[in-house]
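Just so it is clear, none of the values below were taken in a lab; they were calculated from the coordinates. Everything quoted here is computed from the prediction, not taken from an experiment. Cβ: placed from backbone, ideal geometry, glycine included. Neighbour counts: every protein chain shown.
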Amino acid sequence: MDDIKVYALSTCIHCRNAKKYLDECGVKYNCVHVDELSGDERKEIVQQIKDLNPAVSFPTIVIKDTVVVGYHKDKIDKALEKEGIK
Amino acid sequence: MDAKTLYENLRKIQEPKGYYFNKDMEMTLPLLESLLTNKERHGYMACPCRLANGELEADKDIICPCVYREEDVKEYGACFCALYVSKEYNDGTIEKQYVPERRPPEKILF
């Protein structure tokens, strides 16, 4: 569960599709809906995303040490394989 | 208002300008619903695929249709969300690709 983290927006279709794909892959992940956060928590999370993906775009998916920006099935697959999850 | 009504209302305005809704309704309807969610949340239809600041002035560039749509549709055939696309995109005569974020991250203030 802690191996995969998804920074997402609750309203974003690419985020929704990416999560659906991870579900189909049968992997567990931890998802943060950044648009539902406020105050310091939001600032802290946005900074975390900036460090991983300077464009601060969504979804930003962290698979152990690999960062996948956007919903790309092939990149998600590669990262899952590289990190020995799938 | 529901997403289908929004679809019809916007379609009449946007199609004559050369912007079409993505024919993939599994993308388009949820995106329109999200626009309505953002209207309720913020009072304006902020882009559903971007992190809105929640203040009109700070989000002017991402009120749908966002200011980045023109360049994105010109370059990729679709806007960042792929809600609005070109005719060629819907016809399948151009390759569908993921649109990279064009909004500068400095615009995220909160």
(message) Considering only residues that are without any contact (Cβ under 8 Å) to a residue 40 or more places away in the chain, under 17 Å from B:Cys79 (Cβ atoms) and of a type in the set (Lys, Arg), which ones fall in the stretch B:31-67?
(response) B:Lys60
(message) For the condition out of contact with any strand residue (DSSP E or B) (no Cβ under 6 Å at 6 or more places or on another chain), within 12 Å of another protein chain (Cβ to nearest Cβ) and within 19 Å of A:Lys50 (Cβ to Cβ), what is the one hit in B:Leu32, B:Leu109?
(response) B:Leu109
(message) Residues that are more than 14 Å from the chain's Cα centre (by Cα), farther than 23 Å from B:Lys96 by Cβ and at the interface with chain B (Cβ under 10 Å from one of its Cβ atoms), at least 2 per element: which helices (runs of 4 or more DSSP H) completely within chain A meet that?
(response) A:39-52
(request) May I ask you to list the residues in the stretch B:16-71 that are closer than 18 Å to A:Cys15 by Cβ and among the charged types (D, E, K, R)? (result) B:Asp24, B:Glu26, B:Glu33, B:Arg41, B:Arg50
